[in-house]
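Undergrad: First the structure, which I've put down as structure tokens, then a few questions once you've had a look.
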Amino acid sequence: MIDSAQHKGGFYPSIYEETLCAGYDRQAASILGRLLSNTTPAYECLNDNSGGLDVSLMHPLSRGTVHITSVDPFVKPSVDPRWLVNPFDFDVMLTAMQFNQRILDTTSLRQLMPSYQRIPANASRDELADILRRNVGTEFHYAGTAAMMPFQLGGVVDPDLVVYGTKNLRVVDTSIFPIIPGAHLQAVAYAVAEKAADLIRGINVADEQRALDNEIVNDQYLDWLEQSIMGLENRTETTST
């Protein structure tokens with residue numbers, strides 16, 4: 001499956017221009033390379049808290065689009081998720097559904113008398129494909145609409161979270177991920193916020209932690225700390241006035 005996906009092209013949205021295509025190709029190569037490892041999950045089997053077994057795609061290759069429809073920020077944007085446009089995603093989901101069937105066929109679970117209201121027991125691959133096309137949806141892990149990537153690869157923000165072409169406009173949310181994390185987004189969203197706070201305050205966390213790790217609490221470190229605090233106070237005073 002992976003070898004086939006590497007030679008099928010990008011299945012780009014029609015609005016993609018050269019830089020977005022180049023950025024997507026870089027993302028796809030990274031995803032497919034990591035999926036060759038047996039430590040990188042391709043899909044998740046999860047209980048929906050009501051006894052149902054769902055499957056979720058962890059590293060999709062399909063890409064959707066989001067566009068504003070008005071100058072009014074409260075008007076909903078136009079969203080086209082383009083779910084499973086890339087055949088690789090479709091094949092992975094079918095494989096996940098078949099694995100789910102095997103789980104339900106185990107002796108332990110059969111004793112619980114699982115119900116097959118939406119998917120017939122022993123459904124064929126064609127039947128599963130039809131069910132998948134009609135029922136695919138989102139897990140609400142929205143990400144990737146303002147990727148942190150080089151501008152020439154279609155990126156929107158730089159490593160300091162600043163939007164290219166602006167001086168002091170930052171994006172601080174899960175939209176900066178060029179590749180959707182193969183996990184729930186809460187923890188990584190917190191990490192982005194913590195990093196953004198340090199960037200906005202002008203604190204070099206690496207230097208601060210290195211000093212603490214090495215117990216370098218000398219005059220040089222104290223001078224650096226004082227300058228950092230004074231700089232923060234000056235920026236705060238300037239902002240408040």
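The values are calculated or read from the model by the stated rules, or taken from the named source; none is laboratory data. The structure presented is a predicted model; accordingly, all values stated were derived computationally and were not measured. FYI the Cβ positions are ideal-geometry reconstructions off the backbone, even for glycines, and counts take in every protein chain you see. Just so you know, the surface numbers come from the protein's heavy atoms only, side chains and all, with ligands and any DNA or RNA stripped out. Shrake-Rupley method; radii C 1.70, N 1.55, O 1.52, S 1.80 Å.
Undergrad: Taking a probe of 1.4 Å, how large is the accessible area per residue of segment 23-175, in Å²?
TA: Numbers: 9680 Å² over 153 residues.
Here the per-residue accessible area is 63 Å².
Undergrad: Here is a follow-up. Mind giving me the nanometre distance, one decimal, between the label points for R170 and A121, set 7 Å out from Cα along Cα→Cβ?
TA: 5.7 nm
Undergrad: Could you check how much of the accessible area of segment 49-134 is carbon and sulfur, as a whole percent, using a 1.4 Å probe?
TA: Details: 3130 of 5740 Å².
Roughly 54 percent of what the probe reaches on segment 49-134 is carbon or sulfur.
Undergrad: Can you give the FRET efficiency to the nearest 0.05 for T95 and E17, using r as the Cβ-Cβ distance and R₀ = 30 Å? It would help to have the intermediate numbers written out before the result.
TA: Values: r = 33 Å, r/R0 = 1.11.
That gives a FRET efficiency of 0.35.
Undergrad: Another question, then. Would you mind putting 162-175, 58-71 in packing order, based on average other-beta-carbon counts within 10 Å, highest first? Intermediate values should be presented prior to the final figure.
TA: Values: 162-175: 13.2, 58-71: 15.3.
Sorting 162-175, 58-71 by mean packing, highest first, produces 58-71, 162-175.
Undergrad: So how compact is segment 59-142: Cα radius of gyration and Dmax in angstrom?
TA: That works out to 17.5, 58 Å for Rg and Dmax.
Undergrad: While we're looking at this one, here's another question. With labels modelled as points extended 7 Å from the Cα through the Cβ direction, what inter-label distance (nm, one decimal) is found for M1 paired with F140?
TA: Taking the simple label geometry, M1 and F140 are separated by 2.7 nm.
Undergrad: Could you tell me which residue out of S78, F90, P114 lies farthest along the dipole of segment 1-149 toward its positive end? Charges go on the beta carbon: Lys and Arg +1, Asp and Glu -1, centred on the Cα centre.
TA: P114
Undergrad: While we're looking at this one, here's another question. Find how much the distance from S108 to T65 grows on full extension, using 0.36 nm per residue of separation minus their present alpha carbon separation; answer in nm with one decimal. Numbers along the way, then the final one.
TA: Working: separation 43, 0.36 × 43 = 15.48 nm, distance 4.32 nm.
Stretched out fully, the S108 to T65 stretch lengthens by 11.2 nm.
Undergrad: Multiply the residue separation of I131 and A191 by 0.36 nm, subtract the distance between their alpha-carbon atoms, and state the gained length in nm to one decimal. Please report the intermediate quantities before stating the final value.
TA: Details: separation 60, 0.36 × 60 = 21.60 nm, distance 3.71 nm.
Between I131 and A191, full extension yields an extra 17.9 nm.
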